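Encoded as structure tokens, the structure appears first; notes follow it.
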Amino acid sequence: MIDRGLMRQPFLGLVLAAIIGIVTADYFPAITGPILFIAFAGALTGLRWSYAPLVFAVVGATFFALHSARIINTPADALAQIAGAQPRPASVTGIVTTEPKIEATGNASFLMKLHQAKIDGQDFKTNATVFVRWRGRPNVGDELTLFGTFQPIEPPRNPGEFGMRAYLARRDVKNLFIVRYPENGRILAAGKGCSILRAAARSRESMQRMLSRDLEDSPDVVGLICGASLGLRHQTRDDIEEPFQQTGTLHLFAVAGLHVGIVARLLWTFAMVLRLPRKAATALIIPLLFFYAAITGLHTASIRAAVMSALLLGGIFFDRKVLALNSLAAAAFLILLFDSNQLFTSGFQLSFAVVGAIILLADPMFVRFERIVAPDPFLPRLLFSRMRRFFAAVGRGLARGASVS
């Protein structure tokens, strides 16, 4: 019989089934009629009979099919086959999908989703995404036309070195497109991408202007402030990031639960000042949290924190108790449903592993640490002096902080 505690946390089993399906598909990718039939038939049966193992099997088969579809016979594979293994000149048209990072050489590097390409005089349409380097200044959502060279992405030269090829392959990017001169590219139309992302980009630029006010002569300081508050690492020079990497504090540039929690708290306080009803406040705060995640670049940690905060606020909206571990599993499930390749990224693994460890181990560790600093439980609290009560509160706070550190 299934434990009632597990029944109240259904996403734990669902995300485990999803992970099994994704890992299996990554080693043995295949999209076959029987697998799709099992997933479809199981879904229909699960609607009729609530049988947990059947539901988990359906979820596993569904994620197996989804991940297989995302890694075999993709548009990037077709483009890589056409472009070949040797550098080939080409003309492409597409939309910028990521925030351009300005390199030390002055080149802007970004991902661009193509609409059309021309190689050796042959025009063809494609939905492939390529990694572009161009000495221009595009923004997210700009439609560009570029003339340059398709090149394969080189593997790492040394063992243990970061592999750009493997990293981009997880984002279905198999080709590098080099534009040698600035005049070989031009912006056809500004802001043709997702309207929400464009609004987030404009909000980010406005925040950057406010944060950099009166600091125009100190670009390094501006880079640090924007990196820590908005997660804009691409604007921080490599020589500034290096000390943070060496000291293990580069996570200060990652927008995660702390940032999202602060924003959620500020928004909740603002809603209470306006005397909004609790349900109206939650309905207003949830989309704003996801908009803040979009402002900071939609990284895994910020999305995870936004989803968990949304589930917590959703419990307030529906008058239901929200369990932290189930909320964490729900966030992982939704992210994997959107992009199953996130499972193999270090950001996803570290973010969910750390938060999961805190949820599971914080309370037991707090009980152990509290025993060390707690006063004698047989002494009545009325006999404590004000100073003794103060030290007891400080010790309790230190025990709580140590349990999550």
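List the residue pairs whose Cβ atoms are under 8 Å apart, where the first residue sits in region 104-131 and is farther than 21 Å from Asp172 by Cβ, the second is among the hydroxyl-bearing types (Ser, Thr, Tyr), and the two are 6 or more positions apart or on different chains.
Lys118/Ser91
Going by the structure shown, is Leu379 surrounded by fewer than 15 Cβ atoms within 10 Å (Cβ to Cβ), outside the structural domain of Gly297 (by TED's automatic domain parsing) and among the aliphatic types (A, V, I, L, M)?
yes
Looking at (1) modelled with pLDDT of 85 or more; (2) closer than 24 Å to Val173 by Cα; (3) not polar (S, T, N, Q), can you tell me which one Ala17 breaks?
The single condition Ala17 does not satisfy is (2).
How many residues does region 166-218 hold that are of a type in the set (D, E, K, R) and closer than 28 Å to Ile119 by Cβ?
8
Exactly one of these conditions fails for Gly141: (1) within 30 Å of Ala18 (Cβ to Cβ); (2) of a type outside the set (Asp, Glu); (3) part of a loop (DSSP other than H, G, I, E, B). Give me its number.
So the condition that Gly141 fails would be (1).
Which of the numbered conditions does Arg213 fail, given that it passes all the others? Conditions: (1) modelled with pLDDT of 90 or more; (2) out of contact with any Leu (no Cβ under 7 Å at 6 or more places or on another chain).
So Arg213 meets the others, but not (1).
Scan region 140-168 for residues that are surrounded by fewer than 18 Cβ atoms within 10 Å (Cβ to Cβ) and either under 26 Å from the mean Cα position of the chain (by Cα) or outside the structural domain of Gly94 (by TED's automatic domain parsing) (or both) and jot them down.
Within region 140-168, Glu154, Pro155, Pro156, Gly160, Glu161, Phe162, Gly163, Met164, Arg165, Ala166, Tyr167 meet the criteria.
For the condition of a type outside the set (Gly, Ala, Ser) and closer than 25 Å to Gly227 by Cα, what is the one hit in Ile316, Ile285?
Ile285
Can you tell me how many residues in region 263-282 are touching a residue at least 12 places away in the same chain (Cβ under 8 Å), among the basic types (Lys, Arg) and within 16 Å of Ala305 (Cα to Cα)?
Here the count works out to 0.
The values are calculated or read from the model by the stated rules, or taken from the named source; none is laboratory data. Just so it is clear, the model here is predicted, and its values are computed rather than measured. So basically every Cβ, Gly included, is an ideal-geometry build from the backbone, and we count neighbours across all protein chains shown.
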